[in-house]
Every structure is written in C-alpha cells, then in structure tokens.
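Written out below as structure tokens is the structure these notes cover.
The values are calculated or read from the model by the stated rules, or taken from the named source; none is laboratory data. Computed from a predicted structure; not experimentally measured. Because the Cβ atoms are built from the backbone with ideal geometry, glycine has one as well, and the counts that use them run over all protein chains shown.
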Amino acid sequence: LIKILRVGQGKREYPVAIGPGVTVRLIPWLKKARLGPRLCLITNPAVFELYGASLQVSLTRYGFEVVVLTVPEGEAAKSLESAGELYTELSRHLAERNMPLLALGGGVIGDLAGFVAATYLRGLPLIHLPTTLLSQVDSSLGGKTAVNFSTLKNQIGVFYPPRVVFSDIETLKTLPSREIANGLAEVIKSAVIGNPRLIFFLEKNMEKFMARESNVLQTVVCAAAIIKASIVTRDEYDRGVRQTLNFGHTIGHAIEAVSSFQVSHGEAIALGMIMAGKIANRVRLFPARDLSRLQHIIQLAGLPGTLPSLDTTALLEAVKHDKKISGGKLRFVLPVRLGQVIMRDIEPALVAEVLTAE
Ligand SMILES: NC(=O)c1ccc[n+]([C@@H]2O[C@H](COP(=O)([O-])OP(=O)(O)OC[C@H]3O[C@@H](n4cnc5c(N)ncnc54)[C@H](O)[C@@H]3O)[C@@H](O)[C@H]2O)c1
Ligand SMILES: [Zn+2]
C-alpha cells in the first residue's frame, strides 16, 4: 500500500510517495517527467552497497545512464569541501541543467545533495530517496538544504524543494537501532505537536515497530510525514508555525553542544522534550498525566529519560545562546496536551530550576 502526500505550495509543490518498494515507481516517474537519460546518484559507500547498486542496475536496464558519486559516511561529509568535490565531478561529467540528482541515503546525503542541486548551474532537478527514519519523516520534507561551516551546523544553505520524494519503508529494516531511535525522537516530537492518535498507536505498537513490521513502519512513517508536511506547507520559509517543529530542540541543542556531541541528536531532543514538558507542567499548561505518558513513550523508544551528568550552568548558557531570547526570557515550544503545542516566553530561572531538579 503506497501513500502519496502533496507537499509545498504552487509551483513548488511536490509529491511524496511512501511505501514498501516504492522506488520502483521512480523509473516511470522519470520517464513521465522527461528527465534523463543521464542521472547522477549521490550516496555513500554503505548505502550504495545496500540499495544503490541494485537501483543503478535497474535504471541502466531501462536506458538511463547513471553517474554514481559517493561521499564518506557521517556528518563531516556535509561540508563545502564535499560540495566542491561534487561540483568538480559534475563538471567533469558535463552535467547539464536538466540532469537530475538522486539523493540516496539519510539526512546527511539529502542536505548535501540538495545543496549541490540547488546551486550547481543555479539548480538541477532534485529527487530525494531517503533511507533513514529521520530522513523519511523529517529532513526530506520541507525543502531545507544545508552544509555545515566551521563549527556551525547548517550555517550555509538554501530552501530548494525536490521534484519528488520516494520513501521506501523497507530500507528501514537494515537501519541500526541507534538510528531508529534517532528517527523515533522526531516521530514522537511530531506526534506531540500534532497527532494524539499517533501517540496512542506508538504506545500500543512500539514492539512491532522495533521488530520492523512493514505495516507498522508504514503507518508510523506516514503519520509523522503528514504532520511535518502539513506544517512546512503552511510555512515554507520558517517564519511562523514551522517553529513548533523546534519542540524539544531548544534544550536538546544545548545538551548536544555541552556534551560535545556525545549525546546523539535523538537522545538530546528526547531529553529536551521531557524538560519542555516539565517546564510546561510547572507553568500549569501540561497535565502531569500527559507528562508521564510522554516519558513512557520516550522510554519505549529506547531513548533516555534523565539528563546525563552535564554542567547545568553551561546548559543554561547554551540555551540562552540558542537565539531564542526575547526581553530576557527564553522562547519555548511547550506542550499543552499530547497533540498540541504553543509558544511561550519562559523566565531563565524556571529553566534553571527544571534543569537542576534532575
Ligand atoms: N533538511 C532538514 O530539514 C533536516 C531536518 C532534520 C535533520 N537534518 C539533517 O539530517 C542529518 C541527519 O540525518 P540522519 O539521521 O538520516 O543521519 P545520516 O544521514 O548520517 O544517516 C545515519 C547513518 O545511517 C546509514 N544508513 C542510511 N540509510 C541506511 C539504511 N537503510 N540501512 C543501514 N544504514 C543506513 C548512513 O550511512 C549513516 O551512517 C543531520 O545532518 C541533520 O542536520 C536536516
Ligand atoms: Zn531534530
């Protein structure tokens, strides 16, 4: 069963197809869109071996000529240097403006290939083939592309929507559990922002999800993608409602930074969501019962529920640094119940209290 979403507005609208084996639809889609016959597949060696090689074979069989470009695995590949190397290869292969770039992999590949697609010859057609839970529910949706610059994450980038996204949920079966947990943190985030039924579903089906049962993967990826898709469609350029997607990220980013990235992004935002839930509970926005359900679901996902021993002063400084200050207060996305969040300005003293109460 394949689900098709429509994301973005007007001319920048694009379809997102989610389902088992959905990548087979890429070939008819390319033919219909009159793209090719030359294509560039951007991936990393591990993902190429798992999914890229067979994709290359079927594309070739259907008459496409595939240039494969790989970058090393890991966040460090999201750099201007890697972008430069890809530009060099594209020009060596005489890439023209109608040559589609296929981004096969997780968010690192999607962000880097997206940035290259947006900038090379002022824009090549971009096709996302996300293969991680995080990239299927989060980074492939919304048109943000970026590379890191010196120590700053996502500092250089541009909004550039893909032409189409094919999310093959079967690829999640080879994903290491640490990466599943990372993606689940964003799934839980989206559920808390906009879908109480997804929370219920996860409470009931987390074991089946962890066992990677296809129908459960499909339900969860679709539900989470629909939430993100609807938010980014309403606010393409991150000026309003899209900021709710920062739920858990204000304290989460601080935890990542203060731990020198020893705490993973998913673990950090799981903790950030719990801290935001506690703050919301203190200001009488969020019932204690919902807070314990949030803690429980985070635990079911294999994510941490208590802060590692980090310097709380440094944490608070990092939160203040995270540009969300207005009138001395800190801007937070806070839950009011499971399925709804609001923006609130919070006194730093209260944040400090919740951080040290651990
Ligand atoms: N553009 C956006 O809106 C947006 C949103 C959220 C995150 N991001 C970015 O996404 C990146 C993180 O993405 P990620 O979590 O997907 O990490 P990732 O891209 O680093 O992938 C994680 C690991 O999984 C491996 N992998 C990928 N697919 C696999 C599969 N099917 N089976 C086995 N292994 C597989 C990769 O080789 C990699 O080692 C960060 O750079 C972050 O900034 C972007
Ligand atoms: Zn995140």
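The criterion of at least 3 residues that are touching a residue at least 40 places away in the same chain (Cβ under 8 Å), closer than 26 Å to Ile180 by Cα and within 24 Å of the chain's Cα centre (by Cα) is met by the following helices (runs of 4 or more DSSP H) wholly inside region 249-358: 249-258, 265-282, 288-300. Within region 31-49, the residues that satisfy the criterion of being part of a strand (DSSP E or B) and crowded, with 20+ Cβ neighbours inside 10 Å are Leu39, Cys40, Leu41, Ile42, Thr43.
Within region 170-179, the residues that satisfy the criterion of being under 11 Å from Leu217 (Cα atoms) and either more than 6 Å from ligand 1 (Cβ to nearest atom) or of a type in the set (Lys, Arg) (or both) are Glu170, Leu172, Lys173.
Residues Val147, Val137: which one is modelled with pLDDT of 95 or more, β-branched (Val, Ile, Thr), within 16 Å of ligand 2 (Cβ to nearest atom) and touching a Lys or Arg at 6+ places or on another chain (Cβ under 7 Å)? None of the other options fit; the residue is Val137. For region 187-228, the set of residues classified as aliphatic (A, V, I, L, M), farther than 21 Å from Pro335 by Cα and in contact with a Ser or Thr (Cβ under 9 Å, 6 or more places away or on another chain) consists of Met210, Val221, listed by residue number. With the condition kept exactly as written, say whether any residue in region 287-300 is of a type outside the set (Val, Ile, Thr) and within 18 Å of Asp322 (Cα to Cα). Within region 287-300, none of the residues are of a type outside the set (Val, Ile, Thr) and within 18 Å of Asp322 (Cα to Cα).
Residue-wise test of (1) at positive phi; (2) not aromatic (Phe, Trp, Tyr).
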position: Ile169; (1), (2): no, yes
position: Val187; (1), (2): no, yes
position: Asn205; (1), (2): no, yes
position: Ile231; (1), (2): no, yes
position: Tyr237; (1), (2): no, no
position: Gly248; (1), (2): yes, yes
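Number of residues in region 131-152 that are more than 6 Å from ligand 1 (Cβ to nearest atom) and without any contact (Cβ under 8 Å) to a residue 60 or more places away in the chain: the value is 4. Residues in region 156-166 include none that are modelled with pLDDT under 95, closer than 29 Å to Leu101 by Cα and more than 12 Å from ligand 1 (Cβ to nearest atom).
In summary, strands (runs of 3 or more DSSP E) completely within region 115-222 and bearing 2 or more residues that are among the polar types (S, T, N, Q) and surrounded by fewer than 20 Cβ atoms within 10 Å (Cβ to Cβ) occur at 152-159.
Within region 50-93, the only residue that satisfies the criterion of being closer than 16 Å to Thr23 by Cα, within 12 Å of ligand 1 (Cβ to nearest atom) and either among the aliphatic types (A, V, I, L, M) or exposed (fewer than 14 other Cβ atoms within 10 Å of the Cβ) (or both) is Leu50. Comparison of Leu198, Leu175 shows that the only residue that is without any contact (Cβ under 8 Å) to a residue 40 or more places away in the chain and within 20 Å of Gly19 (Cβ to Cβ) is Leu198.
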